[in-house]
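Report on the structure given below.
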Amino acid sequence: MQPIGRGLEDALEPREIAKHLEGAKQHETVLEERCTAVRAGWGEKYVERVHAKGKWTARERIEHLIDPGSRIFEVGTFVNYGRKFGKLESPAAGVVTAYARVEGRWCMVIANDNTVASGSWWPQTPEKIQRAQEMARRLRLPVVYLVDCSGLFLPEQSRSFPGRTGAGHIFKKNSLLAADGVPQIAGVFGDCIAGGGYMPIISDRVIMTEQAYMVIAGAALIKGAKSMKLSSLDIGGPEVHVHLSGCADERAPDDETAIAMIRREIGKLASPALDFYRHGANASAPTFDARELRAVLPPDHRVAYDAEEVIARLVDQSLFWELWPDRGREVIVGVGRVNGLFMGFIGNRQGLIDDPERRGAKKPAGILYREGIAKVASMSRACNEDGIPIVWLQDISGFDIGVEAERQGLLGYGSSLIYANSTNTVPMFTILLRKASGAGFYAMSGMPHEPVVQLSTPLTRLSVMEGRTLAIAAFNTKLDDDFEIISDDPMERAEIEAGMRETEARIEADMDPYAAAARMDTDEIVPVGELREWLELFAETSWQATGYRRTKNPRIWSLHDAAALQEPRA
């Protein structure tokens with residue numbers, strides 16, 4: 001591996017640094033304000049209601065579950081953001097899903113937010129839970145369910161009950177996790193009705209507090225329950241399920257005890273394999289501060305930057321093994337360590353690059369050309385063959401287009417790349433730094449290719465194409481070869497201009513990362529300055545478990561063979 005990157009003052013002018021930092025600060029302020037609002041649930045009044053019952057909120061349970069001094073990495077914070085269901089909102093779709101370290105082991109925690117309609121399932125709540133379950137299954141991470149769920153939010157049941165990813169699909173994911181040997185532990189803290197009752201049962205351990213009950217139907221739906229003065233607790237509380245039905249394993253007097261019991265169960269699992277897979281290396285920080293990414297990345301997507309400076313602030317000691325550096329210069333590929341663990345990197349360069357087919361000419365990067373596509377496909381396949389998790393650093397406008405691109409067979413090269421990414425089994429993680437457009441979004445392992453996690457930043461613009469470009473495409477029949485309006489009729493020109501403006505504005509709104517996160521088109525929005533912390537999570541979760549995926553000692557990587565064939569002869 002070779003040193004990569006330069007000091008910030010050597011890489012950028014002082015005015016550029018100041019401008020970029022100011023833009024980053026504005027974006028981060030908005031992100032923090034919106035995260036704070038979502039995490040408040042339905043507000044302090046509902047927190048007080050939970051406390052009045054002698055219970056903790058979902059976030060308080062997580063706070064007591066995780067290892068002291070550690071943080072959670074929440075995914076799906078903005079699911080349903082800005083959506084109204086009648087007069088109601090469902091912050092984070094009423095469920096918290098997060099990577100959390102428990103007894104030294106990374107786990108996936110899924111906790112019903114009991115400050116939002118008693119933990120009900122809203123539209124997209126089932127999909128959010130399933131997304132978290134799938135992340136855990138792909139990485140073989142233990143799953144902890146903190147259940148306090150009154151079932152479907154019934155007024156919206158048509159959008160959460162039926163369908164391929166409706167509420168029942170959660171139970172299939174429970175089953176697939178169990179079939180793959182992934183430990184599941186459920187703590188039941190209160191309401192657990194209908195689907196909420198099924199969710200914990202497949203878990204390896206089920207712990208109920210004295211206030212918890214699990215029922216197919218609550219007392220409200222049982223004929224005669226009122227006259228017999230039966231409560232849901234009588235029907236399906238811990239007395240029934242721990243001591244009679246056998247549907248639960250242990251009972252706890254309160255939330256605090258139940259959380260301690262869950263931690264104890266996690267502590268019985270195999271220790272993480274991280275030190276083994278470091279191959280004698282130590283976890284090290286980048287030489288260049290990762291927080292400097294706030295200054296490296298321009299907030300304006302039209303302004304270029306050096307991809308090397310991004311990678312230099314993500315990898316240990318800013319050391320990187322770049323592969324095929326002289327081919328496909330629009331992309332940079334290679335291997336670095338993150339917390340001592342090997343990770344592959346594939347990223348888009350920006351600005352102008354030399355055109356290898358026209359001596360002395362330049363062409364824009366941020367686009368995939370034939371050599372770049374072949375280079376990315378080769379790296380993707382090699383990392384999969386060698387068991388090296390891949391980090392995709394997307395900032396792409398799309399594929400090369402035009403007569404020459406078609407003659408070169410870019411459709412075929414692109415399909416080869418798509419095949420590689422679609423059939424890879426190694427963990428892949430995608431970060432949308434800024435632009436994520438067109439087929440380039442697919443080719444760089446965007447969400448349709450099912451990366452374990454896809455992150456956006458506040459700078460991300462996710463769309464088939466930029467708003468202005470899409471407006472031109474939509475009104476193409478009304479425009480000449482220079483994209484100017486053909487008609488001389490003033491009224492028709494005004495109508496076309498208004499239509500193009502409206503289309504451009506609508507697409508610009510669709511590209512907003514918060515809109516994408518609300519639709520679950522991206523998993524989380526994170527500050528640029530925290531990307532290294534997320535990469536540490538990705539590295540450790542990829543290498544924590546053993547025996548479920550291919551791994552190789554670095555000395556027998558197929559990447560060495562590929563690199564050797566590219567070495568110039570003496």
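Observations
- Among PRO238, GLN157, PRO200 - extreme Cα towards positive end, dipole of segment 41-269, charges at beta-carbon: GLN157
- Centre-to-centre, using Cα atoms only, segment 1-43 and segment 276-312 are separated by 13 Å.
- Full-extension gain in nm, VAL303 to PHE171, via 0.36 nm per residue minus C-alpha separation: 42.8 nm
- When you count the other C-beta atoms within 10 angstrom of each residue and take the mean per peptide, 136-149, 65-78, 441-454 line up highest first as 136-149, 441-454, 65-78.
- Structure note, pairs LYS25/LYS363; LYS25/LYS84; LYS53/LYS173; LYS87/LYS128; LYS25/LYS128; LYS128/LYS172: Cα-Cα distances above 24 angstrom occur for LYS25/LYS363; LYS25/LYS84; LYS53/LYS173; LYS25/LYS128.
- Shape call, segment 41-269: gyration tensor on alpha carbons, a/c limit 1.5: rounded
- Overall, the anisotropy analysis places segment 464-512 in the oblate class: the square-rooted eigenvalues a ≥ b ≥ c of its C-alpha gyration tensor yield a/c not less than 1.5, with a/b not exceeding b/c.
- Share of carbon and sulfur in the accessible heavy-atom surface of segment 487-570 [1.4 Å probe, %]: 50
- Structure-derived volume of the Cα convex hull per residue in Å³: which label, when the choices are (1) 185; (2) 206; (3) 163: (1)
- Those aspartates and glutamates that a straight Cα-Cα span of less than 13 Å connects to LYS362, excepting residues fewer than 8 apart in one chain: GLU330, ASP354
- Tensor-based shape of segment 358-457 (alpha-carbon gyration tensor, a/c under 1.5 rounded, otherwise prolate or oblate): prolate
- Accessible carbon and sulfur surface of segment 41-269 relative to its total accessible area, %, 1.4 Å: 55
- Peptides 202-214, 162-174, 455-467, 270-282 ordered by average Cβ neighbours within 10 Å, highest first: 202-214, 455-467, 162-174, 270-282
- For segment 41-269, the Cβ-based charge dipole about the Cα centre amounts to some 680 debye (Lys, Arg positive; Asp, Glu negative; other atoms uncharged).
- Based on protein heavy atoms only, the chain ends up with 44 Å² per residue of surface accessible to a 1.4 Å probe.
- Highest-first arrangement of 313-321, 27-35, 361-369, where packing means the average Cβ count within 10 Å: 313-321, 361-369, 27-35
- Extended-chain gain in nm, criterion 0.36 nm per residue less alpha-carbon gap, HIS51 and THR287: 80.3 nm
- The chain: angle of helix 531-543 to the longest principal axis, Cα-based, in degrees nearest 10: 70
- Between the listed residues ILE472, MET511, GLY499, the Cα displaced farthest toward the positive end of the dipole of segment 464-512, a dipole computed from Cβ unit charges relative to the Cα centre, is found at MET511.
- Per-residue 3J(HN,Hα) values for segment 62-68, derived from phi via the Karplus relation 6.51 cos²θ - 1.76 cosθ + 1.60 with θ = phi - 60°, read 5, 4, 7, 6, 6, 5, x Hz in sequence order (x marks Gly and Pro).
- Using alpha-carbon coordinates, inclination of helix 255-267 to the longest axis of the chain, degrees: 60
- Think of each Lys and Arg Cβ as +1 and each Asp and Glu Cβ as -1; about the Cα centre, that makes the dipole of the chain roughly 1700 debye.
- Nearest 10 degrees, 0 to 90: helix 125-139 Cα axis against the chain principal axis: 70
The values are calculated or read from the model by the stated rules, or taken from the named source; none is laboratory data. This is a predicted model, so every value here is computed, not measured. Please note: Cβ atoms are built from the backbone with ideal geometry, for glycine as well, and neighbour counts cover all protein chains shown. Note: accessible area is taken over every heavy atom of the protein model, side chains too, but ligands, DNA and RNA are not part of it. Shrake-Rupley method; radii C 1.70, N 1.55, O 1.52, S 1.80 Å.
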